[in-house]
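K.L.:
Got a structure for you, written out below as structure tokens; questions coming shortly.
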Amino acid sequence: MAKKKKEEKVEMKTGFVCPECGCHIFLEDPVRGERVCARCGLVLEEEMVDLSQEWRAFDEEQKMRRARTGAPLTATKHDKGLTTEIGKTGEIFKVAPEKRAQYQRLAKWQKRLVESKDRNLSFALSELQRLVSYLGLPRQVHEEVARRYEKAVDKGLVRGRSMESVIASLVYAVCREMGSPRTLEEIEKASGVDKREIGRTYRYIARQLGMKILPASAEDYIPRFTSMLGLSDKVQARAIQILKKAKKCMVTSGKGPKGVAAAAVYIAAVLEGEKKTQREIAEVVGVTEVTIRNRFKELVEKLGISDEIERKIRELEERR
DNA sequence: AAGACGAAAGTGGTTGA
DNA sequence: TCAACAACTTTCGTCTT
């Protein structure tokens, strides 16, 4: 019984001072909606609104089910997840008869305004949805692409270009900015848009939207390439370490980042005793073996690790 | 036979006049 | 608009294991 009392009346220290007795400790009674001085019983506030939930939940699932607030606003739905419509059937009879004509005009106009832009947008966003799930992209990327696509539409940049290519190039751009770039080939495969088209659109859109167009860095490709090849974290760390050194020696400038990344992975795999063939790496990275060889040679030369490499290769052959 | 190597010719894109 | 150019690809022959 005493326990129940305590649950009902919560002792609160507030900034208030009781005008009757000078005490500053109050009891809150959520059932009656009162705030009461703990010493003299003066009622300080009546008819307080209880802002807490009136329901209880015992686990996460219940909490989700009982919460009545909706999904957060999102740019990935063409109307940000909210749909407002004038003139749903039935509504019209709540309007005074003399205003009905005006009401219907309003409904018609809203429909036209919203639909012309949004029809385009909702098509584009479902294409984006497809790409995102195909490529397994994080939510952040999804949101950001959606935001920028809307910007592009507002600026009239989509006119004369297919929205698939615009979406694809925005995905390309945002992935790169977020530090986990996809190759043009991957996006080509996922979207069905020619990679040259994606590249061209990318450059155009980037310039028009004032996005900075810094070249993709080889390091950012490493984690994905190593995991696609089933290589360990050690190889990944080693490859990144190699690239950091390489950057200082200016070996990488002007070269395609994919080729440099591929060579670094190759070297790292050899040094960590998890050697892959050049062909295997070329396959997943999307460059030829020749390019890997060229970058490989340059890296080994400039970093002065040819001895180390040769020793390791001989070691690996002996083990067989 | 498989993998690494490299020479030679071809391709697509950038740059500068 | 055109030619020069660098990076990259394709193709192919050679060498090693």
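The values are calculated or read from the model by the stated rules, or taken from the named source; none is laboratory data. The shown structure was predicted, so the numbers you read here are calculated from the model rather than taken from an experiment. Note that each Cβ is placed from the backbone with ideal geometry, even for glycine, and that neighbours are counted across all protein chains shown. To get the accessible areas, we keep the full protein, side chains included, count just its heavy atoms, and leave off ligands, DNA and RNA. Shrake-Rupley method; radii C 1.70, N 1.55, O 1.52, S 1.80 Å.
K.L.:
Filter segment A:252-283 for residues that are of a type in the set (Phe, Trp, Tyr) and modelled with pLDDT under 90 and give the result.
P.N.:
The answer is none; no residue qualifies.
K.L.:
Under 8 Å between Cβ atoms, which residue pairs at least 6 apart in sequence (or on different chains) link something in segment A:289-318 that is free of Cβ contacts under 8 Å to residues at least 12 places away in the same chain with a partner that is assigned to a helix (DSSP H, G or I) and open to solvent by 50 Å² or more (accessible area, probe 1.4 Å)?
P.N.:
Going by the 8 Å Cβ cut-off, the qualifying pairs are A:Glu289/A:Arg279.
K.L.:
Something else: Looking at (1) in a helix (DSSP H, G or I); (2) within 11 Å of DNA strand C (Cβ to nearest atom); (3) closer than 21 Å to A:Glu186 by Cα, which is the one condition that is false for A:Val287?
P.N.:
Exception for A:Val287: condition (1).
K.L.:
Name the residue that is surrounded by the most Cβ atoms within 10 Å (Cβ to Cβ), counting only residues in segment A:195-238 that are acidic (Asp, Glu) and touching a residue at least 24 places away in the same chain (Cβ under 8 Å).
P.N.:
The qualifying residue surrounded by the most Cβ atoms within 10 Å (Cβ to Cβ) is A:Glu219.
K.L.:
Among (1) in a helix (DSSP H, G or I); (2) at pLDDT 90 or above, where does A:Ile313 come up short?
P.N.:
(2)
K.L.:
Let me ask you something else. Can you spot a residue in segment A:194-214 that is away from DNA strand B (no atom under 16 Å from the Cβ), out of contact with any Asp or Glu (no Cβ under 6 Å at 6 or more places or on another chain) and within 30 Å of A:Arg314 (Cβ to Cβ)?
P.N.:
no
K.L.:
Another question about this same structure. Does A:Gly179 satisfy being part of a helix (DSSP H, G or I) and open to solvent by less than 40 Å² (accessible area, probe 1.4 Å)?
P.N.:
No; evaluated as a whole, the condition is false for this residue.
K.L.:
Taking the residues in segment A:288-315 that are open to solvent by 30 Å² or more (accessible area, probe 1.4 Å) and of a type in the set (A, V, I, L, M, F, W, C) as candidates, determine which candidate is farthest from A:Tyr221 (Cα to Cα).
P.N.:
Across segment A:288-315, the extreme among qualifying residues is A:Ile313.
K.L.:
Still on this structure, I have one more. Does A:Val300 satisfy being within 14 Å of DNA strand B (Cβ to nearest atom), at pLDDT 90 or above and either assigned to a helix (DSSP H, G or I) or in the same structural domain as A:Ser227 (by TED's automatic domain parsing) (or both)?
P.N.:
The answer is no for A:Val300.
K.L.:
Something else now. So for segment A:239-249 (the condition being within 15 Å of DNA strand B (Cβ to nearest atom), in a helix (DSSP H, G or I) and open to solvent by 20 Å² or more (accessible area, probe 1.4 Å)), does at least one residue qualify?
P.N.:
No: zero hits.
K.L.:
Among the residues of segment A:251-259, is any under 30 Å from A:Lys189 (Cα atoms), in a loop (DSSP other than H, G, I, E, B) and away from DNA strand C (no atom under 12 Å from the Cβ)?
P.N.:
no
K.L.:
Which ones in segment A:182-209 are assigned to a helix (DSSP H, G or I) and polar (S, T, N, Q)?
P.N.:
Answer for segment A:182-209, where residues must be assigned to a helix (DSSP H, G or I) and polar (S, T, N, Q): A:Ser191, A:Thr201, A:Gln208.
K.L.:
Being on the phi < 0 side of the Ramachandran plot, within 14 Å of DNA strand B (Cβ to nearest atom) and crowded, with 22+ Cβ neighbours inside 10 Å narrows it down to one of A:Val260, A:Val284, A:Val265, so name that one.
P.N.:
The match here is A:Val265.
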